Amino acid sequence: MTGANVPTVVDAAELERKVRNMYTRVALDPHGRFHFEMGRTMARRLGYTDAELDAAPAESIESFAGVGYYFDLANLRPGEQVVDLGSGSGMDSFIAAHKVGQSGQVRGIDMTDAQLAKADRLGKAHTFESVLFRHAFINATGLPDRCCDVVISNGVINLSPDKAAVFQEAARLLRPGGRLALADIVTDVQLPETVTCDATLWAACIGGAMQRDAFVEAIDQAGFTVTTVKANHEYRFLSKSAQNATRDYGVHSLSLLAIRN
């Protein structure tokens, strides 16, 4: 039973502040101490190829804080239009741009100024003319209806307090038959309120994780058919608190592909 002094929902304003602060540090101090791993070694372990990583600026890889690999599921093709929800310092956006070529386009969406500034600087310095970064929220991108063929996202949807709205936004952005390819953190069992109401644990990619079946169902309810789900066994957390949550609640990473109905 919830005690009188224990909140039943996360404080959205506090969560946004903590997420901004943490991912500002990810952009500016990628070699600092975090709950999670970052960088090229981790990306390779998740499944990224050297060819894919060589297509992205090294500084964007340093700040890569994704949780899995999904480009095999996304199957990006030349000329496609892609939206990257929670693009961070841009690594996945740059890899996607390489795959869709000059005839395609990638639009990265992020709310953290430092991440956007870094991604934009790197995109211009390395002449990624087909990549545009936009300051917005992943559940309200401001982009037109049916503007893309593929929506991608890596380790970000768990940070949102309204995941259903994020999936609905992805459905709005996609043309019928379009693809949602993502990696994210889920749980085997529903997290207790002591975890889900802790904004610090949300910002660490723990507190906001949905139970796996509920996560898939929310995607289906937004107008998708989930076709592939796979576990990312090579992803792991670093901090003691995150490792404890992994053990106690089955917190883990998955990648999935869903088709817009």
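Looking at the structure I just gave you, is S160 buried (at least 21 other Cβ atoms within 10 Å of the Cβ) and among the hydroxyl-bearing types (S, T, Y)? Explain how you work it out, then say what you get.
On the way: buried (at least 21 other Cβ atoms within 10 Å of the Cβ): yes; among the hydroxyl-bearing types (S, T, Y): yes.
Criteria met by S160.
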Practice task
Can you run down the residue pairs with Cβ atoms below 9 Å, 6 or more apart or on separate chains, where the first is in segment 70-98 and in contact (Cβ under 8 Å) with a residue 40 or more places away in the chain and among the acidic types (D, E) and the partner is open to solvent by 20 Å² or more (accessible area, probe 1.4 Å) and assigned to a helix (DSSP H, G or I)?
Solution key: E80/K99
Practice task
Scan segment 22-62 for residues that are touching a residue at least 60 places away in the same chain (Cβ under 8 Å) and under 19 Å from V131 (Cα atoms) and report the count.
Solution key: 4
Completion exercise
Considering residues that are outside any strand (DSSP E or B) and open to solvent by 50 Å² or more (accessible area, probe 1.4 Å), the number found within segment 207-232 is 5
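Given V150, V189, which one is surrounded by fewer than 17 Cβ atoms within 10 Å (Cβ to Cβ) and either touching a helix residue (DSSP H, G or I) at 6+ places or on another chain (Cβ under 8 Å) or free of Cβ contacts under 8 Å to residues at least 40 places away in the same chain (or both)?
Values: V150 fails: surrounded by fewer than 17 Cβ atoms within 10 Å (Cβ to Cβ).
Every option except V189 fails the conditions.
Condition check ((1) in contact with a helix residue (DSSP H, G or I) (Cβ under 9 Å, 6 or more places away or on another chain); (2) closer than 19 Å to F224 by Cβ) across all residues:
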position: D84; (1), (2): yes, yes
position: M91; (1), (2): yes, no
position: F94; (1), (2): yes, no
position: A97; (1), (2): yes, no
position: G101; (1), (2): no, no
position: Q115; (1), (2): yes, no
position: A119; (1), (2): yes, no
position: L132; (1), (2): yes, no
position: N158; (1), (2): yes, yes
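Kindly establish whether K240 is open to solvent by 10 Å² or more (accessible area, probe 1.4 Å) and under 30 Å from Q81 (Cα atoms).
no
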Fill in the blank from the handout: Of the residues in segment 19-39, those that are within 17 Å of the chain's Cα centre (by Cα) and over 18 Å from L116 (Cα atoms) come to F34, H35, F36, E37
Fill in the blank from the handout: Conditions (1) basic (K, R); (2) closer than 21 Å to F71 by Cα; (3) part of a helix (DSSP H, G or I) -> R247 fails only (2)
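The values are calculated or read from the model by the stated rules, or taken from the named source; none is laboratory data. Note that this is a predicted model, so its numbers are computed, not measured. Please note: Cβ atoms are built from the backbone with ideal geometry, for glycine as well, and neighbour counts cover all protein chains shown. Surface areas here come from the heavy atoms of the whole protein model, side chains and all, with no ligands, DNA or RNA. Shrake-Rupley method; radii C 1.70, N 1.55, O 1.52, S 1.80 Å.
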